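Okay, so here's the structure we're looking at.
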Amino acid sequence: MTRPLDFVRSIKAKLGLVIVGTVAVTTVVLAQGKAWGWGIELRVIVATALGLVAVQLLARGMTSPLREMASAASAMSRGEYSRRVRATSRDEVGELARAFNSMAGELAETDRMRRDFVANVSHELRTPIGALQALLENLADGIEPADPRALETALEQTRRLGRLVTQLLDLSRLEAGAVPLDVSEFAVRPLLERVTREAALGERLVRLKVCVEPGELRAHGDPERVHQVVANLLDNALRHSPPDGRVWLSAHASRPGVATIEVCDEGPGIPPAELQRVFERYERGDAALGASDGGTGLGLAIARWIVDAHGGAIRAEAREPNGCRMVVELPA
Ligand SMILES: Nc1ncnc2c1ncn2[C@@H]1O[C@H](COP(=O)(O)OP(=O)(O)OP(=O)(O)O)[C@@H](O)[C@H]1O
Ligand SMILES: [Mg+2]
């Protein structure tokens, strides 16, 4: 169905046009009726009827988006996010309809991620819990001796569980705004060195290099939280590095008032289409979905949250010739 006034940019102008149109129709009917010798009653009746028809035709599409939005909103409250409103008009109602559509899209996306997340987390929790339970049953039944190796395995599984739960708690506390930043000025080099010392290299031969320029570079922020960000980035870089790859942790003053920390690796990198998406909550790269490396897709979401709270910026870039470069900008 055509909406004749869709091109008009404001509701006021539309109403004006509707009035002008109706008055024109009425005037024509009154004058023409007189010429045809119609009585005044007949002219008024016909003019009113045609005026109403003119309003119907001209105003078509002015209010229907509102009705559509109302019905789509109630569908949404039942969990149905696929409905969209026709947003062809260029006035305020059209703008509202477009905003509504994009909100519906975002909600659908959030809903999808929430579902994925529950599935992911249940899976991540089930694997270590299953392994732990089997091991403990064997120990309890005396099938396996309680030697240090068995206990170390059990410990490793509990660590993994602990890490997962801590991340979940962190993220929900961060999002609830319950974690005030303890801002101070701190030196960047010792922080990077501490992260490097604590990095879980395991048996890997990855070579880690730290480079801070100028050496006494200082940044402004909550050192504990920044440590958490860098540790997350380093954890990813190590996890995605080839066995004998190199990982660089560097910091420099990119422009006045900004301290930039970079973490680079020689792994497969992140596909261009995912560079933005990896910072979303619960989002794991397509390549990581099949892997059972214990990732939950929370690390970068937490990192971005912290960096944003500092008024900084974080982004992922492709590194030449291969690998991934994570760039964090903090106020200096
Ligand atoms: N250095 C990197 N190289 C290649 N891909 C990366 C790198 N860092 C992150 N990614 C991709 O981004 C995704 C999201 O990372 P994120 O740190 O948020 O989650 P995770 O590492 O899977 O889990 P978690 O950090 O919560 O244990 C990863 O699953 C991976 O696909
Ligand atoms: Mg990670």
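Just so it is clear, none of the values below were taken in a lab; they were calculated from the coordinates. Note that the coordinates shown come from a computational prediction; the quantities given were computed from them, not determined experimentally. Glycine gets a Cβ as well: all are built from the backbone with ideal geometry, and neighbour counts include every protein chain shown.
Structure above, values below:
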{"read-out": "Gyration tensor verdict on region 128-190 (Cα atoms; rounded if a/c is under 1.5, prolate if a/b is larger than b/c, oblate otherwise)", "value": "oblate"}
{"read-out": "Antiparallel %, DSSP beta bridges [both residues in the chain], to 5", "value": "80 percent"}
{"read-out": "Paramagnetic label zone (point 7 Å from Cα along Cα-to-C-beta, A313; backbone N under 17 Å) in region 251-279", "value": "252-263, 275-277, 279"}
{"read-out": "Length released on extending from R218 to I19, taking residue separation times 0.36 nm less the Cα-Cα span", "value": "65.0 nm"}
{"read-out": "Student exercise, the chain dipole from Lys, Arg, Asp, Glu Cβ charges, in Debye to nearest 20", "value": "1940 debye"}
{"read-out": "Amide proton proximity set for C211, modelled H, under 5 Å, gap of 5+", "value": "L249, S250, A251"}
{"read-out": "Per-residue HN-Hα couplings for region 209-218 [Karplus 6.51, -1.76, 1.60; θ = phi - 60°; Hz; x = Gly/Pro]", "value": "10, 10, 9, 10, 9, x, x, 9, 3, 10"}
{"read-out": "Cα-projected label distance for N138 with S254, points at 7 Å along beta-carbon direction, nm", "value": "4.9 nm"}
{"read-out": "Among A108, A301, N236 - extreme Cα towards positive end, dipole of the chain, charges at beta-carbon", "value": "A108"}
{"read-out": "3J(HN,Hα) from dihedral phi, region 46-54, Karplus parametrisation 6.51/-1.76/1.60, rounded to Hz, x for glycine, proline", "value": "5, 4, 4, 4, 5, x, 5, 4, 4"}
{"read-out": "Around L169: net Lys/Arg minus Asp/Glu count, Cβ-Cβ under 13 Å", "value": "0"}
{"read-out": "Rounded D (µm²/s) - region 1-66, Kirkwood Rh over Cα pairs, Stokes-Einstein at 4 °C, 1.567 mPa s", "value": "101 µm²/s"}
{"read-out": "Cα gyration tensor category, rounded, prolate or oblate, for the chain with a/c compared to 1.5", "value": "prolate"}
{"read-out": "Additional length obtainable on full extension of the chain from E95 to W38, 0.36 nm per residue less Cα span", "value": "15.9 nm"}
{"read-out": "Karplus-derived 3J(HN,Hα), 6.51/-1.76/1.60, for each residue of region 76-92, Hz, glycine and proline x", "value": "4, 5, 8, x, 9, 9, 8, 6, 10, 9, 6, 10, 8, 7, 9, 8, 4"}
